[in-house]
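The values are calculated or read from the model by the stated rules, or taken from the named source; none is laboratory data. Computed from a predicted structure; not experimentally measured. Here the Cβ is made from the backbone with ideal geometry for all residues, glycine too, and neighbour counts use every protein chain on show.
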Amino acid sequence: MVRFTFEDARPVDLAPVGVNGETVWARITPVDTLGAVVCYESNGTYIELPAADFDRYLALEGLTGPLSFRGKLATHPPGRELYRRSCKTWIAGGDPRRVTRSYGLPLDLVPDVDPVAAKARVGFHVLYEGKPLAGALVRAWRRPWNAADSDSLGPVAAARTDARGQATLDLRGDGRWLIACVHMVPSPDPAIADWQSTWGSLTFTRSGTKR
């Protein structure tokens, strides 16, 4: 891993205690009740997909730029990709400023307001390497408390970012939420892979009646 931190009034680096393969990487006690953000950034992982599968994946994630580029190639090669994770979890508390600021992740989804308190439309600024990312597809999934299997649930909201890197989603309902976006650029080392993708996400939980 590249980064694993617990960000509240006293940011803590958890990377030294994280162990690959463990279901619980760390335990920590917050210093206050104002909320905290857990940040995680992974190393790059290589994956190769057959051409048709790679193109379907690009279409599903709204990666129109790479899909258009591949469509103009004389041949139709498999997809050689290095992907990395850029994840945040918001543990809600009394200070919304702790979730409405950037934490410097490679792909950072920054809500305009506390998404737990908002309970309706929420704007997000999407930053790639610290700069607004235009044209990115941002999607939201919700797992209601009475849903046994979240893998079968499709996205409930989607929008593309404007020139300022902002997208607004309707996030009504309690349960567990995942906001996600994928950005892909040409690989900095073509000898290893053709593309480099970054998978950004923000997760949070809204309380409600567990039926």
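If you check 174, 162, 194, which single one turns out to be modelled with pLDDT of 95 or more, among the acidic types (Asp, Glu) and surrounded by 15 or more Cβ atoms within 10 Å (Cβ to Cβ)? Show your work before the answer.
On the way: 174 fails: modelled with pLDDT of 95 or more; 162 fails: surrounded by 15 or more Cβ atoms within 10 Å (Cβ to Cβ).
From the options 174, 162, 194, the qualifying one is 194.
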If you scan region 65-94, which residues turn out to be touching a helix residue (DSSP H, G or I) at 6+ places or on another chain (Cβ under 8 Å) and in contact (Cβ under 8 Å) with a residue 60 or more places away in the chain? 66, 77, 79, 81, 90, 92
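In the set 74, 36, 52, which member is of a type in the set (Gly, Ala, Ser) and within 18 Å of residue 86 (Cα to Cα)?
Values: 74 fails: within 18 Å of residue 86 (Cα to Cα); 52 fails: within 18 Å of residue 86 (Cα to Cα).
The match here is 36.
Return yes or no: is residue 150 within 17 Å of the chain's Cα centre (by Cα) and at pLDDT below 95? Let's see the steps before the verdict.
Details: within 17 Å of the chain's Cα centre (by Cα): yes; at pLDDT below 95: yes.
Yes.
To keep it simple, each residue is scored yes or no on (1) outside any strand (DSSP E or B); (2) at pLDDT below 90; (3) over 21 Å from the mean Cα position of the chain (by Cα).
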{"position": "4", "(1), (2), (3)": "no, no, no"}
{"position": "23", "(1), (2), (3)": "yes, yes, no"}
{"position": "27", "(1), (2), (3)": "yes, yes, yes"}
{"position": "38", "(1), (2), (3)": "no, no, no"}
{"position": "52", "(1), (2), (3)": "yes, no, yes"}
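What are the residues in region 26-50 that are out of contact with any strand residue (DSSP E or B) (no Cβ under 7 Å at 6 or more places or on another chain) and surrounded by 11 or more Cβ atoms within 10 Å (Cβ to Cβ), if any? Can you show your working first?
We begin by selecting, within region 26-50, every residue out of contact with any strand residue (DSSP E or B) (no Cβ under 7 Å at 6 or more places or on another chain); these are 26-27, 29, 31-34, 50.
Hits for region 26-50 are 26, 31, 32, 33, 34, 50.
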Can you name every residue in region 1-25 that is among the aliphatic types (A, V, I, L, M) and in contact with a strand residue (DSSP E or B) (Cβ under 9 Å, 6 or more places away or on another chain)? 1, 2, 9, 12, 14, 15, 17
Out of region 6-21, which residues are free of Cβ contacts under 8 Å to residues at least 12 places away in the same chain and in a strand (DSSP E or B)? 13
How do the pairs read when you match residues in region 165-194 that are within 15 Å of residue 127 (Cβ to Cβ) with residues anywhere that are of a type in the set (S, T, N, Q), using Cβ under 6 Å and keeping only pairs 6 or more apart or on different chains? 167/161; 180/201; 182/197; 183/198; 185/196
Considering residues of region 93-136 that are part of a strand (DSSP E or B) and surrounded by fewer than 14 Cβ atoms within 10 Å (Cβ to Cβ) only, the residue modelled with the highest pLDDT: 131
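Does residue 46 fit the bill of being more than 28 Å from residue 116 (Cβ to Cβ), hydroxyl-bearing (Ser, Thr, Tyr), free of Cβ contacts under 8 Å to residues at least 40 places away in the same chain and out of contact with any Lys or Arg (no Cβ under 7 Å at 6 or more places or on another chain)?
Values: more than 28 Å from residue 116 (Cβ to Cβ): yes; hydroxyl-bearing (Ser, Thr, Tyr): yes; free of Cβ contacts under 8 Å to residues at least 40 places away in the same chain: no; out of contact with any Lys or Arg (no Cβ under 7 Å at 6 or more places or on another chain): yes.
So residue 46 does not fit the description; no.
I want to confirm something. Restricting to region 54-64 and keeping residues that are among the aliphatic types (A, V, I, L, M) and in a helix (DSSP H, G or I), which single residue is surrounded by the most Cβ atoms within 10 Å (Cβ to Cβ)?
Taking region 54-64 as the starting set, the residues that turn out to be among the aliphatic types (A, V, I, L, M) are 58-60, 63.
Now narrow it down to the ones that are in a helix (DSSP H, G or I): 58-60.
On the way: 58: 25, 59: 11, 60: 11.
Ranking the qualifying residues of region 54-64, first place goes to 58.
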For region 65-92: of the residues being assigned to a strand (DSSP E or B) and more than 22 Å from residue 197 (Cα to Cα), which is nearest to the chain's Cα centre (by Cα)? 90
